[in-house]
Amino acid sequence: MASSTALTNDFAAAPISLRRRLMDWTATGAAVAAVVLVLAPLGAIFGYLVYKGIGAVNWNFLTQIPKPPGEVGGGMANAIAGSAYILMIASVIGVPIGIGAGIYLAEYGRNRFGDVIRFTADVLNGVPSIVIGIVAYGIVVLRQGHFSALAGGVALAIMMIPTITRATEEMLLLVPNVVREAAYGLGVSRWRTTLSITLRTATSGVITGVMLAFARVAGETAPLLFTAFGNTYWNWKINEPTAALSLQVFTYATSPYDDWHRQAWAGALMLIVLIVLSVTAVRIAAGRGMKGG
Amino acid sequence: MPGPQPVAKQEVAGETRVATEALIKTGGSEVADGIFRYAMLACGLCVLALVGLIVYQLATHSHLSWQAFGLKFFFQSAWDPVNDEYGALPFVYGTIVSSILALIIAVPLAIGVAVFITEMCPVWLRGPLSFTTELLAAIPSVIYGLWAIFVLVPLLRNYVQPFLVRYFGWTTLFEGPPFGIGMLAAGIILAIMIVPIISAITREVMTAVPQQQREAVLALGATRWEMIRTGVLRNARAGIMGGIILGLGRALGETMAVTMVIGNRPEIAKSLFAPGYTMASVIANEFSEATGDLYLSSLVEVGLALFIVTIIVNIIAQFLVWTVTRGTPARANG
């Protein structure tokens, strides 16, 4: 008994040396400093976006098309519409394929072949966006002979597919097997089970994946440079070059005109509002999904 | 006894009828199942086909340049569209230097953030803090570029670069006129962009380290930092390395922000103040204006090289992350 108490006392009495304590404090301080250094640019970027952007967003900016270089005024109405148009084309192509591939992986792909597709999707996810632009140029622009909204949409669709595929698979796997078995037990066929039971149960999760993919490509510029190309006028034809918000921000930011710089900030603010809205939607959808599950 | 039995039978018969009707309604379920399965398989094959298509497109369109220059293409520094002479060395150099610079800045910060979030900060702060750092990843590249042009570059030109020349000029890394625009600006903006991915992966692998590991080290009398260093970081180092390499993959392929601040001049300069050019930005700037088949073909070959390098880097990264996280139970239903 006595020896045990002595031991405890010894242990408690052994002080942690000053050197070790200093090291501990330094490490904590360094970690806090890292957090501050990482959050500072974030704050600065959002601060500048709001500060410079809010003043530049006005009725003209939202309703007019660009003025010729050097002239003051004009807006990005055609670019805002163009972005929406290209994103719509991308979603129409990318979402069904992405979800389909996700269903295949979750419901039929628990094998070697599934692993190959899974790995390929991850590879596709890591391909630089500029390279996707070259590919879309090769398969659409070269064939058509000119830049087009379709080419931009195809480029963005290729970028959306792997994200949607992996998210869909993950969400479908969260659906317990008993749910599937219950449906089979009632005599429901496998495809009906997958579509109206499994996919339905995982809907909010799948939507989350789609929105994430959408948010990821919404601000993309590089793959649009030589596919959608940009346009200073309105365009609703799928085969014609189309303006996009991100392209316009790039062009205006690198231009020598003050008024274009002002509009670049406004365009950037519009772009970020679009993306933050979709991310918030994701959060809400994900929250609902958790409550439902 | 004989009374209730027929009733029960009727009920069972009724249920069977409903189920059978459902079966009949979905009719020919075997055929439908087959069709559905093949339709989904087709979508899966699309993913395979896309990667095949990328390789095919890049290979065929860069054929001309490959024939003309061979492997020499990557060791030659002349980029002269007027005389149809192309060498990618300046771009390879710019890509590597800007990415390494970005890693040097980003890695300590990202690991610091990850350590703070998983081991040090109060629980209530954990969610908001990780959400905020992830927000950095959601900002489009072109907005980073815009911010860099109008905020970061003037800051560098007026304050940071004169300071570096004054105190670190002897390293010869900081020579020449401080334009602001150049390799240093590109490295810094890249660093800001890759911090979220590195810190997200680091957090993931640190969380995968079992709690007992921490408790055991603490019980031996370690301070918190010693616990983090020996109990957590050391066990997660392969995964952290994976996160860093994943960040490298991002930095190599990043286009817009770099293009907007690096200066876009195909030169190899030792000074970090000098303008440079990267593989991705030369494609972004010159692809749509490239006249002549050899010019276009050379740009595609730069793209092919970029594709191959990023693929290899990503595969290595994923393998490393997997070696650490494979032990943690999957979230899927067992």
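Where a number appears in this text, it was derived from the coordinates with a stated rule and is not lab data. In this text, all values refer to a predicted model and were calculated from it rather than measured experimentally. Glycine also receives a Cβ, built like all others from the backbone with ideal geometry; neighbour counts cover every protein chain displayed.
Net charge around B:Arg37, counting only other residues with Cβ within less than 11 Å of its Cβ (Lys, Arg = +1; Asp, Glu = -1)?
Summing Lys/Arg as +1 and Asp/Glu as -1 gives -2.
Pick from A:Ala157, A:Ala31, A:Ala243 the residue whose mean-square fluctuation is largest in a GNM of chain A, springs joining Cα atoms under 10 Å.
Among A:Ala157, A:Ala31, A:Ala243, the largest GNM mean-square fluctuation belongs to A:Ala31.
When the helices in chain A are scored as -39500 (n - 2.57) per DSSP H run of 4 or longer and the sum is shared across all residues, what 222 nm value do you end up with, to the nearest 500 deg cm²/dmol?
Rounded to the nearest 500, the figure is -23500 deg cm²/dmol.
What residue among B:Ala186, B:Val302, B:Thr230 has its Cα farthest toward the positive end of the dipole of the range B:68-325, where the charges are +1 on Lys, Arg and -1 on Asp, Glu, each on the Cβ?
B:Thr230
Ranked by Cβ crowding within 10 angstrom, fewest neighbours first, how are B:Glu226, A:Glu107, A:Glu220 ordered?
B:Glu226, A:Glu107, A:Glu220
For the range A:166-261, with the dipole built from +1 on Lys and Arg beta-carbon atoms and -1 on Asp and Glu ones, taken about the Cα centre, which of A:Leu195, A:Ala253, A:Leu224 lies farthest toward the positive end?
About the Cα centre, the residue reaching furthest to the positive side is A:Leu195.
Cβ under 15 Å from A:Ala155's Cβ, A:Ala155 left aside: what net charge do those residues give with Lys, Arg +1 and Asp, Glu -1?
Values: positive: A:Arg143, A:Arg216; negative: A:Glu220.
Here the charged neighbours net out to +1.
Checking the a/c ratio against 1.5 first, then a/b against b/c, what shape does the Cα gyration tensor give for the range A:175-256?
Because a/c hits 1.5 or more and a/b exceeds b/c, the range A:175-256 counts as prolate.
Fewest Cβ neighbours within 10 Å first, please rank B:His61, A:His146, A:His261 accordingly.
Lowest to highest Cβ neighbour count: A:His146, A:His261, B:His61.
Mind giving me the FRET efficiency for A:Ile65 and B:Glu175? R0 is 45 Å, r the Cβ-Cβ distance, nearest 0.05 is fine.
Calculated value: 0.45.
Take chain A, connect every pair of alpha-carbon atoms lying under 10 Å apart with a spring to form a Gaussian network, then pick out the residue of A:Gly82, A:Gly109, A:Gly152 with the largest mean-square fluctuation.
The residue with the greatest mean-square fluctuation here is A:Gly109.
Residue by residue through the range B:186-201, which ³J(HN,Hα) values in whole Hz follow from phi under the Karplus form 6.51 cos²θ - 1.76 cosθ + 1.60 (θ = phi - 60°), with glycine and proline marked x?
With the stated coefficients, the range B:186-201 comes to 4, x, 5, 5, 4, 4, 4, 6, 9, 4, x, 5, 5, 6, 5, 5 Hz.
Return the whole-Å distance between the Cα centroid of the range B:288-323 and the Cα centroid of the range A:89-103.
Between the Cα centres of the range B:288-323 and the range A:89-103 lies a distance of 25 Å.
With a Förster radius of 25 Å, plug the Cβ-Cβ distance of B:Leu71 and B:Ile268 into 1/(1 + (r/R0)^6) and report the FRET value to the nearest 0.05.
0.85
Given axes a ≥ b ≥ c from the Cα gyration tensor, I'd like to know whether the protein assembly as shown is rounded (a/c under 1.5), prolate (a/b larger than b/c) or oblate.
Oblate, because a/c is 1.5 or more while a/b does not exceed b/c.
Taking DSSP loops as anything outside H, G, I, E and B, show the longest stretch in chain A free of trypsin sites (Lys or Arg not before Pro) there with at most 15 other beta carbons within 10 Å.
Value returned for the longest uninterrupted segment is A:111-236.
What angle, in degrees between 0 and 90 and rounded to the nearest 10, separates the Cα long axis of helix A:203-218 from the longest principal axis of the Cα atoms of chain A?
Around 60 degrees separate the two axes.
Can you give the relative contact order of chain A as a percent, counting alpha carbon pairs under 8 Å and 6+ residues apart?
So the answer I get is 24 percent.
What is the spin-label model distance, in nm, from B:Val31 to A:Asn125 if the labels are put 7 Å beyond Cα along the C-beta direction?
Label-label distance for B:Val31 and A:Asn125, simple model: 3.9 nm.
In debye, nearest 20: dipole of the range B:68-325 around its Cα centre with unit charges on the Cβ of K, R (+) and D, E (-)?
1060 debye
Once fully extended, how much extra length lies between A:Asn111 and A:Thr280, figured as 0.36 nm per residue of separation less the alpha-carbon to alpha-carbon distance?
So the extension gain works out to 57.3 nm.
Provide the net charge surrounding A:Ser246, with neighbours chosen by a C-beta distance below 15 Å and charges set as Lys +1, Arg +1, Asp -1, Glu -1. Walk me through the numbers on the way to the answer.
Numbers: positive: A:Arg216; negative: A:Glu220, B:Glu254.
In short, -1.
If exposed means no more than 15 neighbouring beta carbons inside 10 Å and the site is in a DSSP loop, what's the longest run of chain A without any exposed chymotrypsin sites (Phe, Trp or Tyr not before Pro)?
It works out to A:1-232.
Classify the range B:68-325 from the C-alpha gyration tensor, please: rounded if a/c falls under 1.5, else prolate or oblate depending on whether a/b exceeds b/c.
prolate
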